[in-house]
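Heads up, the thing below is written out as structure tokens.
The values are calculated or read from the model by the stated rules, or taken from the named source; none is laboratory data. The shown structure was predicted, so the numbers you read here are calculated from the model rather than taken from an experiment. In this analysis, Cβ positions are derived from the backbone assuming ideal geometry, glycine residues included, and neighbour counts consider all displayed protein chains. Side chains included, ligands, DNA and RNA excluded: accessible areas come from the protein's heavy atoms. Shrake-Rupley method; radii C 1.70, N 1.55, O 1.52, S 1.80 Å.
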Amino acid sequence: MLIWFILIIVPLLFGLYAQYRVHSAYGKNIQIPSRGHITGREAAAAVMEGAGIHDVEIVRVEGQLSDHYDPTNKRLALSEQNYDGTSLAALGVSAHEAGHAIQHKEGYAMMNFRQVLVPAANFAQPVAWAILSFGILLAALLGAKALGIIMLQIGVVALTVIALFQLVTLPVEFDASRRAKVQLVNLGILGQDEMVGVNETLDAAALTYVAAFVATLGNLLYLLLMLSGGGRSRD
């Protein structure tokens, strides 16, 4: 029971805390307007322009914090609050996504590696979810029978792929935020004193990626313990 609590419940609580942090930081700094009143779209365009990027489309998408950069189609998508917003949070998130566009242009190795892993991670995600939802119970009922072992092995492979993808994602996200923070100041979009709100927003967002990796790693270790028989002997 102790191992289950450490590997499953603690990462879950960490994930909930990370989600609280990002929504709290974003909700706070979305209310603080920047002195220059530049919009998120304009900030993203300026950051990319400064890096010599002229072929990326910036589009508005629905949803909150649905912002992302699509390297395949060279499209930078900003949620409505960030596309039109002039807040510190809007500029931070928009510049962060522009940071991904710069990574793409420069051929940032970790981003390229992450893109290679995308198809495998997309395939592994539903497999891992199914194993974690139903496979562990069936494996426990089946004991050491062949089918139960095979299900756990499939779960381990799927979670390993996801954990690798999430691990590679960490430096990609951290680097994009670093680039965003530097460019917002260097281009005169924000003053140094305004960066407190940007740092708070982007650092909280980065924590969610760390929490996701920790949760996946915990699930992976738990499945490995079950596969080795350690989980059953301790429960």
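Table for the structure above
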| quantity | calculated |
| --- | --- |
| Under 5 Å, built H, 5+ apart or other chain: amide partners of Val61 | Leu78, Ser79, Glu80 |
| Karplus-derived HN-Hα couplings along the range 11-19 (A = 6.51, B = -1.76, C = 1.60, θ = phi - 60°), whole Hz, x at Gly and Pro | x, 5, 5, 4, x, 5, 5, 4, 5 |
| Accessible area per residue in Å² at 1.4 Å probe, computed on the chain | 50 |
| Paramagnetic reach from Glu49 (point 7 Å along Cα→Cβ, amide N under 16 Å) across the range 174-198 | 183-190 |
| GNM result for the chain, Cα springs below 10 Å: residue of Phe123, Phe14, Phe213 fluctuating most strongly | Phe123 |
| Cα coordinate range in the range 31-149, projected on the principal axes (Å, largest first) | 65, 34, 18 |
| Cut-off 9 Å between beta-carbons: net charge of the residues surrounding Glu80, Lys and Arg +1, Asp and Glu -1 | -1 |
| Normalised contact order of the range 140-230, rounded percent, pairs of Cα under 8 Å and 6 or more residues apart | 50 |
| Gyration tensor verdict on the chain (Cα atoms; rounded if a/c is under 1.5, prolate if a/b is larger than b/c, oblate otherwise) | prolate |
| Dipole magnitude of the range 1-121 about its Cα centre (Cβ charges: Lys, Arg +1; Asp, Glu -1), debye to nearest 20 | 320 |
| Max mean-square fluctuation residue, GNM over the chain, Cα-Cα springs under 10 Å, options Val172, Val47, Val61 | Val61 |
| Under Karplus coefficients 6.51, -1.76 and 1.60, residue-wise ³J(HN,Hα) of the range 203-220 in Hz, glycine/proline x | 5, 5, 5, 5, 4, 5, 5, 5, 4, 5, 5, 4, 5, 5, 4, x, 5, 5 |
| Distribution of pairwise C-alpha distances over the range 1-65, 10 Å bins, in % | 16, 27, 27, 17, 11, 2 |
| Protection proxy ranking of 53-59, 88-94 - average other beta-carbon atoms within 10 Å, highest first | 88-94, 53-59 |
| Length released on extending from Phe134 to His23, taking residue separation times 0.36 nm less the Cα-Cα span | 36.9 nm |
| Gain in span if fully extended, Gln64 to Asp193, counting 0.36 nm per residue against the direct Cα distance | 43.8 nm |
| Percent carbon-and-sulfur accessible area, the chain, ignoring ligands, DNA and RNA, probe 1.4 Å | 64 |
